[in-house]
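To keep things clear, I will list the structure first and then write my remarks on it.
The values are calculated or read from the model by the stated rules, or taken from the named source; none is laboratory data. Just so it is clear, the model here is predicted, and its values are computed rather than measured. Reconstructed Cβ throughout: ideal geometry from the backbone, glycine too, with neighbour counts over all protein chains shown.
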Amino acid sequence: MVRRAHVGKDGDPGWYRVHRRLSIGITLRLLPTPVRPVQVSLAMMAVWLAGAALVAAPGSAANLAGFGLLYLAFLLDKVDGELARLRGTASARGVLLDRFHHRLVEPTLFLAAAWHDYARRGDAAVLAWGFATALLANVIEEHQQLAPYIFLKRLREDGGVKVQRPATPRGWRRARVLLRPLKIFRTPITVLPLLLAGQLGERALGRPLVGATLAVSAVGLTIYLLFQCLDYYRFRLDEEFVEIALRHGWPSDPVGARRRPTGGAARRNPSAAAPRPVPRPQTPREEVAR
């Protein structure tokens, strides 16, 4: 049951899978109940917003309770998917709710931390750092969805996608590894302890550690975003096109790259005017048979 609940999550880092050992406990307790995954998703959003509101509050006890609720919401973000996979009810709308949470609800953590620091010290600059961090984190995450979006757009509008494997230099691949740690400033499970430590340290030392944390986050995410944009333009887009094609059993040469003739050419050769069929992704059973 655990393997089925975590199918497709084998690529997660080891330190990230530790939290799934906690989430699966919640999932297995909810499995015999009538609670649906969509209800877990809605509860996740509500718990996160409540936690962000407490993080923005002035009291230390409220802040600690807020970080506790935020971690619970982080676990619920795993529970809804696990519950759907175990019951066989995974759906596109479930993924949509998940995207709503990550793009609309989670960024409130940065805004809440910035407001808390602004209310304590009155420095408006921290509000700018908080907003910049939330915006940059969203843009970086959305860029990671560019390849399937562009792939589908080309299929719908052009009838085909040219798939070719790029020759990515070793130095460029090394730069990806070196700059990848900058993404921790957009991941809730790494941002939560950083902001918690900043708030506790600020009260103990009297230094603007929360504002400094948000400023470093914004600068680090800016550097990563600039590299990410260049990386996708030069190499990563083609790499992910190849990955999509191989995953669905499509040929590695251009798929439907020949454009449909128009005008006189179409009248002289009517059969050429018909669009080339796009290969249908194979099911696992078909792949085994092949």
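Could you grab me the full set of residues in the stretch 208-224 that are surrounded by fewer than 18 Cβ atoms within 10 Å (Cβ to Cβ) and in contact with a helix residue (DSSP H, G or I) (Cβ under 7 Å, 6 or more places away or on another chain)? Answer for the stretch 208-224, where residues must be surrounded by fewer than 18 Cβ atoms within 10 Å (Cβ to Cβ) and in contact with a helix residue (DSSP H, G or I) (Cβ under 7 Å, 6 or more places away or on another chain): Thr222, Ile223. In the stretch 185-210, what count of residues is obtained for those that are on the phi < 0 side of the Ramachandran plot and either in a loop (DSSP other than H, G, I, E, B) or not assigned by TED's automatic domain parsing to the domain that holds Leu225 (or both)? Residues flagged as on the phi < 0 side of the Ramachandran plot and either in a loop (DSSP other than H, G, I, E, B) or not assigned by TED's automatic domain parsing to the domain that holds Leu225 (or both) within the stretch 185-210 amount to 3. Touching a Leu at 6+ places or on another chain (Cβ under 8 Å), at negative phi and surrounded by fewer than 19 Cβ atoms within 10 Å (Cβ to Cβ): does that describe Ala92? No.
In the set (1) modelled with pLDDT of 95 or more; (2) under 23 Å from Ile140 (Cβ atoms), Leu42 fails one condition alone, (2).
Of the residues Ala5, Ala92, Ala73, Ala53, the single one that is at pLDDT 95 or above and out of contact with any Pro (no Cβ under 9 Å at 6 or more places or on another chain) is Ala53.
Residue pairs whose Cβ atoms lie under 9 Å apart, separated by 6 or more positions or on different chains, with the first residue in the stretch 149-164 and in contact (Cβ under 8 Å) with a residue 24 or more places away in the chain and the second among the small types (Gly, Ala, Ser) and outside any loop (DSSP other than H, G, I, E, B), are Phe151/Ala245; Val161/Ala245; Val163/Ala245.
For beta carbons closer than 7 Å, sequence separation of 6+ or different chains, a first residue in the stretch 192-215 that is more than 19 Å from Ala132 (Cβ to Cβ) and without any contact (Cβ under 8 Å) to a residue 12 or more places away in the chain and a second that is among the aliphatic types (A, V, I, L, M) and in a helix (DSSP H, G or I), the qualifying pairs are Gly201/Leu209.
Hey, any hits in the stretch 115-123 for a residue that's of a type in the set (A, V, I, L, M, F, W, C), touching a helix residue (DSSP H, G or I) at 6+ places or on another chain (Cβ under 6 Å) and crowded, with 24+ Cβ neighbours inside 10 Å?
no
Among helices (runs of 4 or more DSSP H) entirely within the stretch 83-176, having at least 2 residues that are assigned by TED's automatic domain parsing to the domain that holds Gln199 singles out 108-121, 125-143, 146-158.
Applying the criterion of being of a type outside the set (Lys, Arg) and exposed (fewer than 14 other Cβ atoms within 10 Å of the Cβ) to the residues of the stretch 145-163, the residue that is nearest to Asn63 (Cα to Cα) is Gln145.
Within the stretch 139-189, the set of residues being basic (Lys, Arg) and out of contact with any Phe, Trp or Tyr (no Cβ under 7 Å at 6 or more places or on another chain) comprises Lys153, Arg154, Arg156, Lys162, Arg165, Arg170, Arg173, Arg174, Arg176, Arg180, Arg186.
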